[in-house]
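What follows is a short report on a single structure.
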Amino acid sequence: MSFTLARFVLLHSRVCSEAATTTKNNGGLISTLNKRKFTSTAIPRAQNKTSEELLVVVGGGAAGVYGAIRAKTLAPNLNVVVIEKGKPLSKVKISGGGRCNVTNGHCVDNKMLAENYPRGHKELRGAFFNVHGPVDTMSWFSEHGVRLKIEDDGRVFPVSNSSSTIIDCLMSESTRLGVSLQTGKAVITASPTAGGKFLLGIEKRTFSSPEYVEADYLLIASGNSKQGYSLASQLGHSIVDPVPSLFTFKIEDPRLADLSGITFPKVKATLKIENARRNIPQLTQVGPVLVTHWGFSGPAILRLSAWGACVLSRTLIVDFTPDVHIEDLKSILTQHKNRFAKQKLSNSYPSEFGLVKRFWIYILGRQVLFLFQA
Ligand SMILES: Cc1cc2nc3c(=O)[nH]c(=O)nc-3n(C[C@H](O)[C@H](O)[C@H](O)COP(=O)(O)OP(=O)(O)OC[C@H]3O[C@@H](n4cnc5c(N)ncnc54)[C@H](O)[C@@H]3O)c2cc1C
């Protein structure tokens with residue numbers, strides 16, 4: 001991928017995308033063998049579950065713990081066991097910079113919200129959002145004693161500004177409902193039994209030989225763990241290769257490192273794809289951008305990474321002054337040149353652009369001088 005300054009223009013340098021290892025995955029895969037799922041439409045049936053019936057949840061992350069709570073709420077008699085190989089809710093702890101961005105408080109239209117997911121939006125719209133959307137999430141936490149606030153950009157956080165509030169709420173609710181949480185164990189195999197159940201191979205961290213458990217229901221909520229994909233495959237599901245999302249861009253331009261820390265409140269960034277068969281509007285994003293010591297970050301870049309994840313390693317076009325028309329920009333530069341003809345170029349630049357000096361010098365270094373050469 002190459003990087004182009006749209007206005008100030010004009011050299012291409014090589015850029016490569018640096019994929020973060022995380023893939024956003026809020027869902028879980030619940031399986032029953034020829035049985036109905038635990039959705040709200042299945043509540044009357046679910047309430048009849050007996051304590052002899054077992055739901056095993058693979059993974060004690062946000063999806064697994066919340067899924068277990070939901071199942072136990074719908075079917076209080078059901079035996080619900082969460083198997084977690086590490087520490088439960090460990091990702092929630094670090095989420096949202098330690099504050100935990102619970103959901104989106106502005107986008108309450110489920111259909112519109114689903115459109116913001118580059119991949120899987122159809123599934124989210126139908127099966128997920130109609131059952132449990134952001135409003136339900138906010139109501140649930142409020143009803144369980146967590147005070148929430150909606151920030152200007154729509155992000156919802158606990159008033160405490162601490163992810164521990166969310167963790168404490170989920171943990172105490174699962175304990176109250178009688179969810180059994182078993183840590184230090186990993187589900188390593190899953191196969192259907194002749195009796196219509198799931199035979200699960202569970203390995204303890206301390207023992208080499210696995211124990212086997214028969215479960216009536218299985219919820220795979222293993223995040224981006226390959227083990228989880230393998231379990232789903234063993235049960236006959238096909239896996240769509242995951243792609244990284246919400247990552248920053250690494251720009252192969254050593255001079256950019258000198259600008260590390262500079263923020264631009266509003267730029268227009270476009271991922272240009274050669275030979276694209278269709279125009280994807282989301283490959284242009286307007287918003288704040290931050291220069292890091294390796295390239296670009298900030299909301300506009302993260303959104304681009306999500307939408308462009310499948311087509312990356314192309315050209316990134318960045319317009320640092322999206323609200324100034326190109327002709328106005330040229331005219332401002334020419335007027336400035338005429339007014340300050342005797343000043344050193346590196347010391348004098350138009351204030352209209354709201355640029356910092358370091359960035360101006362960088363731009364000069366990228367050979368934009370020709371713009372001045374009438
Ligand atoms: C730095 C950072 C900040 C983030 N901030 C936010 C935010 O503010 N808001 C937000 O909504 N999202 C945020 N996210 C994304 C969010 O953390 C994830 O989308 C969410 O945690 C996914 O939850 P999950 O339960 O699906 O998966 P995970 O949290 O990954 O949980 C899966 C669990 O399954 C366990 N597991 C895996 N395989 C097995 C197995 N075979 N047997 C037993 N256990 C197994 C794992 O140990 C893990 O604990 C952030 C992510 C990161 C990395």
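Each value in this text was obtained by applying a stated rule to the coordinates, not by laboratory testing. Keep in mind that this is a model prediction, so the values were computed, not measured. Note that each Cβ is placed from the backbone with ideal geometry, even for glycine, and that neighbours are counted across all protein chains shown.
Under 14 Å from a label point 7 Å along Cα→Cβ of VAL356: give me every residue in segment 213-257 with its amide N that close.
Flagged as within label range: 256-257.
State, to one decimal in nm, how far the label point of ALA194 lies from the label point of SER230, with both points 7 Å from Cα in the Cβ direction.
So the label points at ALA194 and SER230 sit 2.8 nm apart.
Could you compute the FRET efficiency for THR183 and HIS121, with r as their C-beta to C-beta distance and R0 at 35 Å, rounded to 0.05?
0.55
Roughly how big is segment 86-241's charge dipole about its Cα centre, with Cβ charges of +1 (Lys, Arg) and -1 (Asp, Glu), in debye to the nearest 20?
Here the size comes out at about 360 debye.
Multiply the residue gap between VAL240 and ASN338 by 0.36 nm, knock off their C-alpha separation, and tell me the result in nm, one decimal place.
That works out to 29.4 nm of additional length.
In whole Hz, what ³J(HN,Hα) sequence does segment 222-233 give by Karplus (6.51, -1.76, 1.60; θ = phi - 60°), x for Gly and Pro?
9, x, 8, 6, 5, 4, x, 4, 5, 4, 4, 5
Given the peptides 219-227, 187-195, arrange them by the average over their residues of other C-beta atoms within 10 Å, most packed first.
Most protected by this proxy first, the peptides run 219-227, 187-195.
ASP319's amide H: which non-local residues (gap 5+, or another chain) put their own amide H closer than 5 Å, with H modeled 1.01 Å from N in plane and none for Pro or chain starts?
The list, which skips near neighbours in sequence, is ALA6, LYS268, ALA269, THR270.
Taking the number of other C-beta atoms within 10 Å as the exposure measure, put CYS310, CYS107, CYS100 in order starting with the fewest.
Fewest to most other Cβ atoms nearby, the residues stand as CYS310, CYS107, CYS100.
Mind scanning LYS91/LYS266; LYS226/LYS250; LYS266/LYS357 and naming the pairs with a C-alpha gap bigger than 22 Å?
Over 22 Å Cα-Cα: LYS91/LYS266; LYS226/LYS250.
What is the distance, in nm, between label points placed 7 Å from the Cα along the Cα-to-Cβ direction at CYS310 and at HIS325?
In this crude spin-label approximation the distance works out to 3.8 nm.
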